[in-house]
Amino acid sequence: MIKVRDIVALLEAEVLSGESKLDEEVKSVGASDMISDILALTQPGMMVLTGYTYPQVIRTALVTDLLGLIVVRGKNIAPETIAYARENDFLLLRTRSYLYSSCGKLYATGLRGSDVGK
């Protein structure tokens with residue numbers, strides 16, 4: 001298994017909140033810009049890569065027991081999103097890498113997605 005801090009290093013990510021979770025193990029990873037996908041596909045211990053930066057994504061993640069979110073493409077994140085993540089000690093990372101590249105790097109480490117329905 002890979003730890004959050006390994007993902008931070010691999011993706012050269014900035015930790016915006018949830019520093020207390022850096023030593024947690026990541027069980028799987030996924031990618032989506034749709035809240036409905038995150039609700040349907042998320043499993044505990046999973047991290048999701050996304051370009052979605054509004055507070056709703058943090059609310060959704062908290063409901064699903066998602067370990068954390070990785071915002072791609074160095075996107076600007078609404079200040080209220082970061083504040084809400086910090087209030088809830090939710091793991092929020094940002095990387096300059098694009099979604100496809102980030103997924104490829106994580107896949108190369110052995111991390112897999114959650115294939116629902118299999």
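Working only within segment 71-118, note down all residues that are of a type in the set (A, V, I, L, M), under 20 Å from TYR54 (Cα atoms) and in contact (Cβ under 8 Å) with a residue 60 or more places away in the chain.
Scanning segment 71-118 gives ILE77, ILE82, ALA85, LEU91, LEU92, LEU93, LEU99.
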* Enumerate the helices (runs of 4 or more DSSP H) found wholly within segment 22-89, keeping only those where 1 or more residues are out of contact with any helix residue (DSSP H, G or I) (no Cβ under 6 Å at 6 or more places or on another chain) and of a type in the set (Asp, Glu). => 35-41, 79-87
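Examine segment 91-102 for a residue that is part of a loop (DSSP other than H, G, I, E, B), within 12 Å of the chain's Cα centre (by Cα) and surrounded by fewer than 16 Cβ atoms within 10 Å (Cβ to Cβ), and state whether such a residue exists. Steps first, please.
The initial filter retains those residues of segment 91-102 that are part of a loop (DSSP other than H, G, I, E, B), namely 95-98.
This time we only want the ones that are within 12 Å of the chain's Cα centre (by Cα), so: 95.
Those still in the list that are surrounded by fewer than 16 Cβ atoms within 10 Å (Cβ to Cβ) too: none.
No: segment 91-102 contains no residue that is part of a loop (DSSP other than H, G, I, E, B), within 12 Å of the chain's Cα centre (by Cα) and surrounded by fewer than 16 Cβ atoms within 10 Å (Cβ to Cβ).
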* Counting only residues that are more than 12 Å from the chain's Cα centre (by Cα) and closer than 16 Å to SER17 by Cα, which one in segment 34-55 is surrounded by the fewest Cβ atoms within 10 Å (Cβ to Cβ)? -> TYR54
* Asked: In segment 41-56, what residues are at pLDDT below 90 and among the β-branched types (Val, Ile, Thr)?
  -> THR42
* Asked: Checking THR64 against (1) of a type in the set (Val, Ile, Thr); (2) closer than 19 Å to GLY104 by Cα; (3) under 13 Å from the mean Cα position of the chain (by Cα), which single condition isn't satisfied?
  -> (2)
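The values are calculated or read from the model by the stated rules, or taken from the named source; none is laboratory data. No experiment lies behind these values; they were computed from the predicted model shown. Cβ sites come from the backbone with ideal geometry, for glycine too, and all protein chains shown count toward neighbours.
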